[in-house]
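Enquirer: Structure below; questions to follow.
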Amino acid sequence: MSSPQVDFGATVVEVELSRDYDPAAARLPGMALGTHRLAGPCGGTVAGWYAAGARHARLAHPVDLCADADARAARSLLLIRELTARGIAVDWTARCRDGCHGGDLFTHLCPPSRLDGDATGTVAARWRAAFFLGRCVYRRGPGFVEVRDRRSGALEVVTIDEPGHLAAIATLAEGVAATAVPADVRRDLVGAHLVAEQAGHLWWLPTRAHRWPFPALIV
């Protein structure tokens, strides 16, 4: 019997929002924005939360980093990507069951407060110490996408202008079934560490540059 098809985009993720970067401020009158259920596209939803004043988010459930993570974990990481891109602080717990610690794919995301499976705490501490907004960021130009990636510690600039790759990136933003991405495109993007594969889906890793820093070359 075949396994049931996962409706990736409809997988619900719950997040608590508040108006201040300090989570303690959520206890003050008018600062908490309540618990929200994300079931649909992340990008526009997070933009709406930001416009409504959200500056801190908390995910109560642990989020698996491993390749065998389920759809909720993958969607949670995608949500953290969008929150990070908007500069919204995220309080979350990462979890690794097989020692991979995410293979450093996710170190451009707002770092977790704890990483279960990191017995010494050194991986989480290194993540926090190395993190800055824009560590792996992309921008769109006319007929190309430029990625500036510092996850390895050195700047890697990737310019993508092949039509097939650009078309795939447009769908990868919210996650797409791995089988829907042409094999050559998938190979290139996985090889460049620009997509994650979890729950039978691929999703785009770099955060979008909503506000470009000055000077731009600092990222």
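The values are calculated or read from the model by the stated rules, or taken from the named source; none is laboratory data. What you see is a predicted model; the values in this text were computed from it and never measured. A quick note on method: Cβ atoms are made from the backbone with ideal geometry, for glycine too, and the neighbour counts reach across all protein chains shown.
Enquirer: Test each condition in (1) of a type in the set (Asp, Glu); (2) at pLDDT 95 or above; (3) over 20 Å from residue 78 (Cβ atoms) for residue 118 and report the one that comes out false.
Expert: Every condition holds for residue 118 apart from (2).
Enquirer: When the range 110-120 is examined, which residues are found to be touching a residue at least 40 places away in the same chain (Cβ under 8 Å) and part of a loop (DSSP other than H, G, I, E, B)?
Expert: The answer is 112, and nothing else.
Enquirer: Now for a different question. Considering only residues that are over 19 Å from the mean Cα position of the chain (by Cα) and not in a loop (DSSP other than H, G, I, E, B), look in the range 167-193 and name the one that is surrounded by the fewest Cβ atoms within 10 Å (Cβ to Cβ).
Expert: In the first step, residues of the range 167-193 are kept if they are over 19 Å from the mean Cα position of the chain (by Cα); the result is 167, 179-185, 187-188.
After this cut, where a residue has to be not in a loop (DSSP other than H, G, I, E, B) as well, the list is 167, 179-180, 183-185, 187-188.
Numbers: 167: 13, 179: 10, 180: 12, 183: 8, 184: 11, 185: 20, 187: 11, 188: 18.
Of everything passing the filter in the range 167-193, 183 is surrounded by the fewest Cβ atoms within 10 Å (Cβ to Cβ).
Enquirer: Looking only at the range 26-34, decide whether some residue is touching a strand residue (DSSP E or B) at 6+ places or on another chain (Cβ under 9 Å), under 27 Å from residue 101 (Cα atoms) and not in a loop (DSSP other than H, G, I, E, B).
Expert: No, the conditions are met nowhere in the range 26-34.
Enquirer: Only one of 169, 80, 88 is β-branched (Val, Ile, Thr) and outside the structural domain of residue 21 (by TED's automatic domain parsing); which?
Expert: On the way: 80 fails: outside the structural domain of residue 21 (by TED's automatic domain parsing); 88 fails: outside the structural domain of residue 21 (by TED's automatic domain parsing).
From the options 169, 80, 88, the qualifying one is 169.
Enquirer: Here's a follow-up. Please enumerate the residues belonging to the range 63-94 that are in contact with a Ser or Thr (Cβ under 6 Å, 6 or more places away or on another chain), surrounded by fewer than 20 Cβ atoms within 10 Å (Cβ to Cβ) and within 17 Å of residue 127 (Cα to Cα). Break it down into steps so the answer makes sense when it comes.
Expert: Pass one, the range 63-94, residues in contact with a Ser or Thr (Cβ under 6 Å, 6 or more places away or on another chain): 63, 71-72, 75, 81, 84-85, 91.
So of that shortlist, the ones also surrounded by fewer than 20 Cβ atoms within 10 Å (Cβ to Cβ) come out as 72, 91.
Once the filter is applied, which keeps residues that are in contact with a Ser or Thr (Cβ under 6 Å, 6 or more places away or on another chain), surrounded by fewer than 20 Cβ atoms within 10 Å (Cβ to Cβ) and within 17 Å of residue 127 (Cα to Cα), the range 63-94 yields only 91.
Enquirer: Also, I was wondering about something else. So, in the range 97-109, exactly how many residues are acidic (Asp, Glu) and in a loop (DSSP other than H, G, I, E, B)? Can you show your working first?
Expert: Looking only at the range 97-109, we keep the residues that are acidic (Asp, Glu), and these are 98, 104.
Subset that is in a loop (DSSP other than H, G, I, E, B): 98.
Qualifying residue count, the range 97-109: 1.
Enquirer: Restricting the first residue to the range 35-58 and requiring it to be not assigned by TED's automatic domain parsing to the domain that holds residue 173, which pairs with a second residue that is in a loop (DSSP other than H, G, I, E, B) and of a type in the set (Phe, Trp, Tyr) meet a Cβ separation below 6 Å and a spacing of at least six or different chains?
Expert: 55/21; 56/21
Enquirer: Select from the range 68-94 the residues that are over 26 Å from residue 20 (Cβ atoms) and part of a helix (DSSP H, G or I) and write down the one among them that is nearest to the chain's Cα centre (by Cα). Show your work before the answer.
Expert: So in the range 68-94, the residues over 26 Å from residue 20 (Cβ atoms) come out as 68-74.
Subset that is part of a helix (DSSP H, G or I): 71-74.
Values: 71: 14, 72: 13, 73: 11, 74: 9 Å.
If we take residues in the range 68-94 being over 26 Å from residue 20 (Cβ atoms) and part of a helix (DSSP H, G or I), then 74 is nearest to the chain's Cα centre (by Cα).
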